[in-house]
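In what follows, a single structure is set out as structure tokens and then discussed.
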Amino acid sequence: MPFVRPDGQVFLDRWRSIGGSSLDQLGPKAARQMYKGMTSVVEVPRDALARVSEMHIPLSQGNSLAGRLFAADEAREPAPVLVFFHGGGWVIGDLDTHDALCAEIARQLQITVVSVDYRLAPEHPFPAAVEDGLTAARWVASSPNEVGHAVTGLVLAGDSAGGNLAAVCAQELTGTLSVPVLAQWLIYPSCGLPEPDALPDRVCRRLSSHSGGHGVLPRLLPAQPSGSERRSGLAAAGAQLSRPAACAGVHLRA
């Protein structure tokens, strides 16, 4: 059984007692609304920061992505920027669901954070989210006026599906930008799936419909062994993802 902290278990038990549909039983719009409601219950409000501003990240054909910048102080000296991609299975989540987290990252690390509101499936199937992540990272690296200071490097970060996007962007962009990719911070990233036979039919159908018939998850890693403990599976997946970087002399921390 996975370890759950006692305070976390109390919350989970209370949440289950409420009843009703779970996220995976809802359509995308209803699931997004529920996720936002869950966030408002469990997250503390964002504390005051020196700068929080809405951004517009240009796309092709005059379109743009929404972004949100967080900075703990008014410093304008050259510094790295952390680009954050929210989780939510590429279907739910947005700037607001991860607002307090990004603010706390900016405060604790004393780093400028730009959170990216990439396009979601099924309205925008794969590879829309990946393309948006790459576009946003390139734009942040080359937009000191919008960021508020010269950008000396990028830290690519995200949780769950956002961790997948951060990993993909780190692989694609390292060595191609005017500034270095300094680090990737992958928070329980989605970097591999079990074989389809090991997934419930409803999950397979949902992944297929949300991806528009394409693989919603780039296969960065081999499938986890059937029946393995989730914790050991995550450890093995992390080891396989990090091995090329370690062989190249990159310092890694778990």
If you take the residues in the range 93-105 that are part of a loop (DSSP other than H, G, I, E, B) and of a type in the set (D, E, K, R), which one is nearest to the chain's Cα centre (by Cα)? Asp94
For the range 90-119, what are the residues that are surrounded by fewer than 23 Cβ atoms within 10 Å (Cβ to Cβ) and at positive phi? Gln110
Go through (1) charged (D, E, K, R); (2) outside any helix (DSSP H, G or I); (3) surrounded by 12 or more Cβ atoms within 10 Å (Cβ to Cβ) and name the single condition Arg32 misses. (2)
Restricting the search to the range 143-173, which residues are of a type outside the set (A, V, I, L, M), closer than 17 Å to Phe85 by Cβ and crowded, with 17+ Cβ neighbours inside 10 Å? Gly158, Asp159, Ser160, Gly162, Gly163, Asn164, Cys169
With the requirement that a residue be of a type in the set (Gly, Ala, Ser) and crowded, with 17+ Cβ neighbours inside 10 Å, what does the range 47-74 give you? Gly67, Ala71, Ala72
Residue check: is Val44 in a loop (DSSP other than H, G, I, E, B), surrounded by fewer than 12 Cβ atoms within 10 Å (Cβ to Cβ) and of a type in the set (A, V, I, L, M)? yes
Cβ-Cβ under 9 Å pairs, at least 6 apart or on other chains, the range 1-13 side without any contact (Cβ under 8 Å) to a residue 40 or more places away in the chain and within 14 Å of Val42 (Cβ to Cβ), far side assigned to a loop (DSSP other than H, G, I, E, B) and among the hydrophobic types (A, V, I, L, M, F, W, C): Leu12/Val4
Within the range 134-144, identify whether any single residue is in contact (Cβ under 8 Å) with a residue 60 or more places away in the chain, part of a loop (DSSP other than H, G, I, E, B) and of a type in the set (Gly, Ala, Ser), and answer yes or no. no
State whether one or more residues within the range 106-125 are within 24 Å of Ser178 (Cα to Cα), out of contact with any His (no Cβ under 7 Å at 6 or more places or on another chain), in a helix (DSSP H, G or I) and of a type outside the set (A, V, I, L, M). no
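Values in this text are rule-based calculations from the coordinates and carry no lab data. This one's a predicted model, so the numbers in the text were calculated from it and none came from an experiment. All Cβ positions, glycine included, derive from the backbone under ideal geometry; neighbour counts span all protein chains shown.
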